[in-house]
Every structure is written in structure tokens, then in C-alpha cells.
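A short worksheet on the structure shown next.
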Amino acid sequence: MFYRRYGMILKRFYNRETCLLGIISFSTNYCTNGNNLNYLCKYLNISKDKAQYLSLKYPVMKNLDVVQIKEIVDILYQSGLDRNMILKNLSLFSLSPITLKFRQMVLQECGIRNITPDILHTYLTVLKQKKIGELKASGLISTNINIENSLASYMTQWPTSITTLVYGDIENLTLYSLRLKIIQRYLELMLDLTCEEFERGLHTYPTIKHRPLQTINKILNLLQREVLMPNHKIKSNLYLFQADPDNLNDLIYKFCSIGGIDIKEVFRLYPKLVMKKYSTMLEIKNVLEEFGISNEAQKRCFQIYTLSPSTIRERLENAKTIPEFKTFFNHPRFLKIIHYNTKALKRIMKLYDNNKKCLSLNILSGSGAHYEVYEKSTGDRLGKSKDLIFCITQSLGHSYSASSVRNIMKRHPFWINIPLVQISYVYDKLSTQFSASDIFENCPILLYPWNKIKSTMEQLDKGHSKNVPALCNENINTKCLTKSQKLSLILYLLERNHYFTGNGVWTDEKQRNNIEICNANQAIN
């Protein structure tokens, strides 16, 4: 009954989770956006009335936070625009900082030195529709510049034998098509990338087309010479060319490691992390340390760094309130549950509906195939029992080896048929009166329901009960027993009425019959 009721609570939590996240996100952004006027005044050196007027005229300003406002203003200043020109062209704030930055860099690489707001706005027209000859005739590009050599010079690893990259009249090409030809030729030489692979990569990751050549060159240098990533892995993950080389440099030399493993080795295993911001990675690391997540756990789940810091924090906080998650909090593979949080919650609810309560970490966060085998199997058991042994040894303070705990526990016929949540709960209750040593010497008692243990303990303390007539007849003074002996006696009394078959762990006859049928079927198979 408890598990079915708890399953309903999990359903309510799961259904409301998305809604709550939306409310929290909205209120956070709202508070941040309320300060936009102050930041506009600060970075553009204008009055508050002027800032308020501009915010009404350009609603996009309300959607920017302080970091974005500062980055955009800095980029526009670097482009040679003064304050008055920026104020007249606030529509540029509709572009993301990274888009604005790359547009400026690409235009400079193409030889356009006088970058005006109009050129930034008509960037795609300049690059894709106007031919190089037209741009030179209009004065945007100097007639003396060799565009092909100028663009190719940003690629520092060209073989010395290469003299001409593009065949034909350059003047009849657009800057867009010329840049693509240079990028394709460069990757062809450096990665042995075929034409089909290049076309497929551009189709999947179209923003590569507008990445500055110098950033593509820097990223490839870092990946090959610093990260030592194999060419075949770079070829199969062309999104890496969308990364920020300065950010990657910070990750390599400032972040250094995850869980004690060199960050470069982690990148080779999980290239997706190359795309994460250094500041975000650092924030995630601080959150994990705050919650006491060990290096060993981080080492087992590098993918946790693909989530946002706020998501990780929220899931860790929620994990402390969900018994099934809390049981594994210090497990080396605990972060798997956090990474696959939504999937784990769905599995808990579904298994509770099927009256399966022996949930291991692998069942909650493992492969779908493994989960389906468990879900469709008869009975309810923990599988290989590694999580059970870990749970008990951790509760005992790691004072005893896993093998010693296993040798004691496996004497009980139903030692892998009891939910870990129940075992953890019983230990917490017993630990208020008994030491870790007392409990270790009587480990099987953790398999029994707490209400049975509590009832037997109270009867034993009273010294008279119909359930302990033999003890009364023998005039045993229970007050002279040690704590460990008392637990042994309780365990004896719990099993005596079941003829020491181990059936004392069940709360009802139906549950016992189901387990016995399951064990019989497995023995036959």
C-alpha cells in the first residue's frame, strides 16, 4: 500500500515538474529584465528616461540580460561604431552577441574594413548575392587585394606545395562561395574529408558556413595538437568547428580535469563537452562539490556536464526527497540517475504500478533492453545484489568489507528480494539504538519489516508476552544481554514462528507465495 501511495506522489511530482520549472524560469528572467534600464544607462551612457524610451521603441531590449547587453556593446565598439551610431541602430541588439561577433570577424577577413551598421544588417546579401568584382567596384573591398590569398592566409597549416586553391575567375564568385571552397579544401587536406562528408556536415551544422576562418583554424589546431583528438572523430563530429577557440583554450588550461581525469582525455571520449562554456563547466563543478558528489561519481558520468547547472542543482535537491534516489546518493554511479532523471522517475512509477519494488540503480538508469527484461520477468528481485551490498556497507560506515557483508547476507534465502528503500529505513531506525558493529553481526535483520522488529523489541523489553513463552520459562534476564545478543534474539523470535525458513521477512502470505513461485521458476530455468 505504501509503495502504491508513494507511486501516486511521484506521478504528481513528475506531472508538475515541467510546470514548476517554467514558473521558476519566468520569474528569474522577469527579475533580471527589470534591471535592463540600469544596464543600458551604464553601458550606453544615457539617461534613464532615454533608456526607457529606447526599450519601448525596441522591445527586443527587454529580452536581454546584463551579460548580453555588455557583450553586444563591446562588439559594436570594436567594430568602430561610436555611441551615437549605436543608439541610432539599436535593432542590432536583435542579433545574438556571438552572431554579431562572427559577422564582424568574417567581414574583416574578407577585406571590408569600414564595417557600418548597414553592412552588419545586410551581411547575408553582401556575402551571398554580390560578386567579389561588384564589391571591389563599389569600394567595399580594395581592388589591390587578392581575396583568395588573403582568406587562405588565416589557415596556418596549408602544405607548402599548395599555390592555387580555387580555379577560375575569382571576381565572378561571391565571398560566400569562395569561403566555402577554401574551408572545404582545407578540411580535405587536413582531415581527408570527402566532398560528400563536407556537404553532409554543412547540411547538419549550417552555422559552420559563417564561422570565421581563423576560428576554424584555431579549433582544428587545438583539437589535433592539444586535445590529440583523432581525425576520424573530428570528421564524425563536425559540430566541433562551431566551438569557441578561446573558450576551449580556457577549458584545457584552467578547468584541467573532471573527476581527476585530464580534460583532454574526457574530450576525446565525449567531444560534445568541447562546446560547453568554461564558466558553465566551472559552475557545474561547484554544484557537484557543494552536494558532496565524489570524483569517482563524476568519473563514471562525464555526461552530467552536458546539463545546465540549475537543472543539476534542482535534481540533486529533489533526489534527497525521493527515497529510491536518496539510497544511492553516495553510490559511484549515482550521477547516472541525475543525468537520466526523467527516465528514472517514469520507470519508478511504472514498476510500482506492476508491484515491483526491488529497484536497483542499473534498473533505474540502465539500458532500455535491460529494463524491459526486468519489467517482464516474474517476481521481484534485485538481480546481482551489488547495490544491496553497497547500501549496507555504506550504512555501516565502510567499516566492513563488501565480501564480509555478502557472506552474512546470502545465508538468508530471500536476501535479494527486499527493496533497498526498506533496508535503508530499517537501518536508520536500528542505528538510533544499536552500533554499526551490533548491526553487522546481525545483518539479516535489515531484511525484516520495521513494524515486526519494533513489535518484537517492545515485547522483549516488557519481558512477558505470548510470543516469547520459552524465554519466560527459562527465566532469561534480557537486561543482561549485550546489544548484539539482543538483536540476535529478536532475529530468532522473528523466524521461530516460520520454522526458520526465512519467511518472516514477508508482511503477508500472498507476497511470500509470489516470491516462492518466482524462485522456483528461476531454479527450473
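The values are calculated or read from the model by the stated rules, or taken from the named source; none is laboratory data. Bear in mind the structure is a predicted one, so any value in this text is a computation, not a measurement. Neighbour counts are summed over all protein chains in view; Cβ atoms, including those assigned to glycine, are modelled from backbone coordinates with ideal geometry. These area figures cover heavy atoms from the full protein model, side chains too; ligands, DNA and RNA do not enter into them. Shrake-Rupley method; radii C 1.70, N 1.55, O 1.52, S 1.80 Å.
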Taking R0 as 22 Å and r as the Cβ-Cβ distance between Glu196 and Lys128, the FRET efficiency 1/(1 + (r/R0)^6), rounded to the nearest 0.05, comes to 0.45
Looks like region 238-283, by Cα gyration tensor root eigenvalues a ≥ b ≥ c and the a/c under 1.5 rounded cutoff (else prolate when a/b is bigger than b/c, oblate otherwise), is oblate
What the 5 Å binned alpha carbon P(r) of region 186-323 shows, as percent of pairs per bin from 0, is 2, 9, 19, 21, 17, 12, 9, 6, 4, 1, 0, 0
Semi-axes (Å, rounded, descending) of the ellipsoid equivalent to region 163-266 per its C-alpha gyration tensor are 29, 14, 12
Once Tyr492 and Asn45 are pulled to full extension, the length gained, defined as 0.36 nm per residue separation minus their Cα-Cα distance, is 152.7 nm
Taking a crude spin-label model, label points 7 Å out from Cα along the C-beta direction, the Lys376 to Thr306 distance in nm is 2.7 nm
Counting only DSSP loop positions in region 237-309, the trypsin sites (Lys or Arg not before Pro) whose Cβ has at most 16 other Cβ atoms within 10 Å are Lys277
Reported to the nearest 10 Å², Asp438 has, with a 1.4 Å probe, an accessible area equal to 20 Å²
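Once fully extended, how much extra length lies between Ser142 and Asp262, figured as 0.36 nm per residue of separation less the alpha-carbon to alpha-carbon distance?
Result: 38.5 nm gained on full extension.
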From the Cα centre of region 169-202 to that of region 359-374, the distance in Å is 46 Å
Straight-line reach check, Lys88, cutoff 16 Å on alpha carbons, 8 or more apart in-chain or any other chain, hits among lysines -> Lys50, Lys57
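State the percent of C-alpha pairs, over all pairs in region 324-422, separated by a distance greater than 17 angstrom. Spell out each step's value before the answer.
Working: 2467 of 4851 pairs.
The answer is 51 percent, as a whole percent.
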Taking Rh as the Kirkwood radius computed over alpha-carbon pairs of region 248-323 and applying Stokes-Einstein at 4 °C with viscosity 1.567 mPa s, one gets a diffusion coefficient in µm² s⁻¹ of 102 µm²/s
Between Lys272 and Lys454, the FRET efficiency computed from the C-beta separation at R0 = 56 Å comes out, to the nearest 0.05, as 0.65
Amide H proximity to Ser257 below 5 Å, modelled H, separation 5+ or other chain, gives Ile263
Binned at 5 Å starting from 0, the alpha-carbon pair-distance distribution of region 267-383 in whole percents comes out as 2, 11, 21, 22, 17, 12, 8, 4, 2, 0
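For a Förster distance of 35 Å, can you work out the FRET efficiency between the beta-carbons of Lys70 and Lys233, rounded to the nearest 0.05? Before the final figure, lay out the partial values.
Values: r = 36 Å, r/R0 = 1.02.
Computed FRET efficiency for Lys70 and Lys233: 0.45.
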